[in-house]
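Trainee: Input: one structure, supplied below.
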């Protein structure tokens with residue numbers, strides 16, 4: 001158990017809908033990262049927050065947004081969902097702002113029908 | 001061309017075999033190198049973290065980095081069925097990209113008794 005929690009574990013929804021994925025980092029970790037894992041693209045970095053501020057952005061679609069709250073939990077919002085958004089979404093956390101050991105949560109499996 | 005290339009396998013070996021997993025990369029800015037292990041339906045967990053060229057050993061695992069060839073390897077000695085998982089190499093972008101990790105596609109390993 002990494003100490004990173006993600007909810008929900010599974011999410012099934014329809015195209016065009018909007019969903020919110022939630023992540024609680026390990027106690028003491030200030031950085032939160034979001035990744036998408038699909039069979040064809042592998043594990044892709046989406047976005048990083050550090051202590052409430054956006055710090056790095058990957059190939060995150062405009063339909064996706066994230067935020068980190070004062071209690072350091074983070075939410076990833078996915079809107080206007082498409083079939084291709086079906087994937088595993090992982091949250092990771094680390095202590096520092098720059099690269100160091102990232103601890104991954106168990107993931108949220110999103111299925112868009 | 002992807003920044004990090006990894007043969008997805010699958011790789012199937014008998015218990016006790018020595019396993020060699022490899023990645024190549026193209027970005028000279030990569031300075032740190034990581035290996036993650038991901039069991040089915042779980043989040044990735046960090047196995048090894050190396051910086052310099054050369055070897056780093058941790059139990060049955062040895063990580064090898066050759067920066068001149070842009071080539072990294074993970075060796076598993078005396079492989080066990082519990083080592084069956086997907087192994088991902090990862091490299092932090094560094095610089096202004098802070099915590100972004102670029103992952104290889106992952107190699108699926110099965111160790112059969």
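No value in this document is a laboratory result; all are computed from the given coordinates. Bear in mind the structure is a predicted one, so any value in this text is a computation, not a measurement. For neighbour counting, all protein chains shown are included, and Cβ atoms are generated from backbone atoms with ideal geometry for every residue, glycine included.
Trainee: Using only the C-alpha atoms of chain A, find the volume of their convex hull and express it per residue in Å³.
Mentor: That works out to 91 Å³ per residue.
Trainee: Strictly greater than 29 Å: what percent of every Cα pair in the protein assembly as shown meets that?
Mentor: 26 percent
Trainee: Set the Förster distance to 22 Å, then compute FRET efficiency between residue A:40 and residue A:73 from the Cβ-Cβ distance, nearest 0.05.
Mentor: 0.15
Trainee: Going by C-beta contacts inside 10 Å, put A:35, A:50, A:89 in order with the fewest on the left.
Mentor: The order, fewest Cβ neighbours first, is A:50, A:89, A:35.
Trainee: How far apart, in nm, are the 7 Å Cα→Cβ label points at residue B:1 and residue A:83?
Mentor: 3.4 nm
Trainee: If each of residue B:52 and residue A:61 carries a label point 7 Å out from its Cα toward its Cβ, how far apart are those two points in nm?
Mentor: Modelled inter-label distance: 4.5 nm.
Trainee: Arrange B:70, A:9, B:100 by Cβ neighbour counts within 10 Å, fewest through most, would you?
Mentor: A:9, B:70, B:100
Trainee: Can you sort B:41, A:55, B:60 so the residue with the fewest Cβ neighbours within 10 Å comes first?
Mentor: Least to most surrounded, the residues fall as B:41, B:60, A:55.
Trainee: For chain A, what is the relative contact order in percent, using Cα pairs closer than 8 Å and at least 6 residues apart in sequence?
Mentor: Once divided by the residue count of chain A, the mean separation gives 37 percent.
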